[in-house]
Amino acid sequence: MADIDVRKGMPSTQLDKSEFKKRFLTQFYDPAFQPLEKELDKIAEVAWDGYDSYRKAPRTVKAGNGFADSNYDLSIEWLETSRAIEAAERRQKEATAPSRILIVNGSTRSEHTCPGEMSKTFRIVSIARDVMAASGFEAEVLDLSRLASEYGRTIYPCKACVSTAQPLCHWPCSCYPNHAIGQTGDWMNEIYPKWVAAHGIMIVCPVNWYQAPSSLKLMIDRLVCADGGNPDPTSTGGKDPVKAKRLELAGWPYPRHLAGRVFSVVVHGDAAGTENLRRILTDWMSDIGMIPAGHLALIDRYVGYLAPYATSHDDLDHDTDFQDDVRNAALTLVQAVKDRRSGKLEPADRGLHEARPK
């Protein structure tokens with residue numbers, strides 16, 4: 001085994017007490033909080049103590065049986081998410097359970113925030129959802145626009161633990177919540193079980209500057225732990241890079257937690273980039289072991305090509321061919337789920353193992 005080498009040298013991010021309290025209290029900028037100034041100062045003192053002592057997971061229990069280190073103090077919040085994922089996995093594998101598709105609205109635009117108007121993506125999602133419901137499927141919409149319009153909805157960025165060592169990337173992610181630095185309320189704790197419970201996934205999104213919208217990209221990055229992620233944080237002593245590197249170098253089994261689910265991708269745009277983004281999303285989902293539903297399920301189209309944005313909803317109204325393309329994508333995904341669950345659709349590389357999984 002190679003020598004374990006953990007590289008250090010980046011500047012400290014530690015705040016002093018004055019700067020910490022200044023930042024902490026900015027969330028109470030509203031003058032309505034002024035009568036509570038003394039109480040807020042006391043709360044800021046407690047928050048400072050949690051930060052300075054780095055109480056990332058202030059509520060823990062002993063891991064117990066089933067973990068590499070049964071005596072490890074495991075985050076209660078992580079354990080709850082892990083159990084929710086296990087329950088979702090059991091439901092997904094039940095032969096008699098209803099077929100379930102998760103439709104992801106990958107647009108951040110919403111009538112409930114600054115744009116003041118619904119997104120075309122939401123309308124496209126609604127078309128697909130109606131088709132799936134008419135087919136007798138359970139269709140759940142994961143509306144990522146709520147990141148910008150709903151109080152407390154947050155997806156934090158991926159910290160790229162996997163680039164230190166694959167086993168350091170836990171399934172589900174254990175980087176958050178981090179109470180010490182105020183990174184709480186992570187929506188991914190609810191999103192992971194949604195993906196696991198689904199038999200099929202449809203992503204619908206616009207192209208933003210040749211790339212995925214930022215809300216969608218946040219979720220994609222945080223799903224890295226679904227591909228090769230470590231389901232036992234105690235095996236790495238939490239976030240101990242030395243232990244994680246040793247585990248990886250000893251031979252990591254690379255579990256693919258979402259493999260075998262089928263998918264569809266619908267990308268739309270107004271001027272450029274739809275084909276590239278459709279390929280990127282398709283490549284990503286294929287790379288984590290998911291199965292493309294078929295040619296008609298993977299589409300990219302332009303709505304109101306180089307026309308004014310002010311009339312783009314009218315352009316979607318008139319583009320009945322695109323609407324039919326979306327229906328076909330949904331129907332293709334429905335059929336692929338049926339074939340997958342009945343055993344008719346099997347990946348040709350089943351039973352094989354990658355020589356160098358990454």
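The values are calculated or read from the model by the stated rules, or taken from the named source; none is laboratory data. This structure is a prediction, so every number in the text was calculated from the model and none was measured. Glycine gets a Cβ as well: all are built from the backbone with ideal geometry, and neighbour counts include every protein chain shown.
The figures follow:
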quantity: Scope segment 277-326; condition among the charged types (D, E, K, R) and in contact with a Phe, Trp or Tyr (Cβ under 8 Å, 6 or more places away or on another chain); matching residues; calculated: ARG301
quantity: Number of positions in segment 115-168 that are in contact with an Asp or Glu (Cβ under 6 Å, 6 or more places away or on another chain), farther than 16 Å from VAL204 by Cα, not hydroxyl-bearing (Ser, Thr, Tyr) and not in a helix (DSSP H, G or I); calculated: 3
quantity: Residue within segment 45-52 that is in a loop (DSSP other than H, G, I, E, B), among the aromatic types (Phe, Trp, Tyr) and farther than 28 Å from ALA244 by Cβ present; calculated: no
quantity: Looking only at segment 32-75, and only at residues there that are exposed (fewer than 11 other Cβ atoms within 10 Å of the Cβ) and of a type in the set (A, V, I, L, M, F, W, C), the one that is nearest to GLN14 (Cα to Cα); calculated: VAL46
quantity: Selection from segment 67-79 of residues that are in contact (Cβ under 8 Å) with a residue 40 or more places away in the chain and within 26 Å of the chain's Cα centre (by Cα); calculated: PHE67, LEU74, SER75, GLU77, TRP78
quantity: Any hit, segment 305-319, residues being at pLDDT 95 or above, surrounded by 14 or more Cβ atoms within 10 Å (Cβ to Cβ) and in a loop (DSSP other than H, G, I, E, B); calculated: yes
quantity: Subset of segment 87-123 that is within 21 Å of the chain's Cα centre (by Cα) and among the β-branched types (Val, Ile, Thr) - its residue that is nearest to ILE220 (Cα to Cα); calculated: VAL104
quantity: Identity of the residue in segment 175-190, within 21 Å of GLY229 (Cβ to Cβ) and touching a strand residue (DSSP E or B) at 6+ places or on another chain (Cβ under 7 Å), that ends up surrounded by the most Cβ atoms within 10 Å (Cβ to Cβ); calculated: TYR176
quantity: Identity of the residue in segment 13-29, in a helix (DSSP H, G or I) and of a type in the set (Phe, Trp, Tyr), that ends up nearest to LYS42 (Cα to Cα); calculated: PHE24
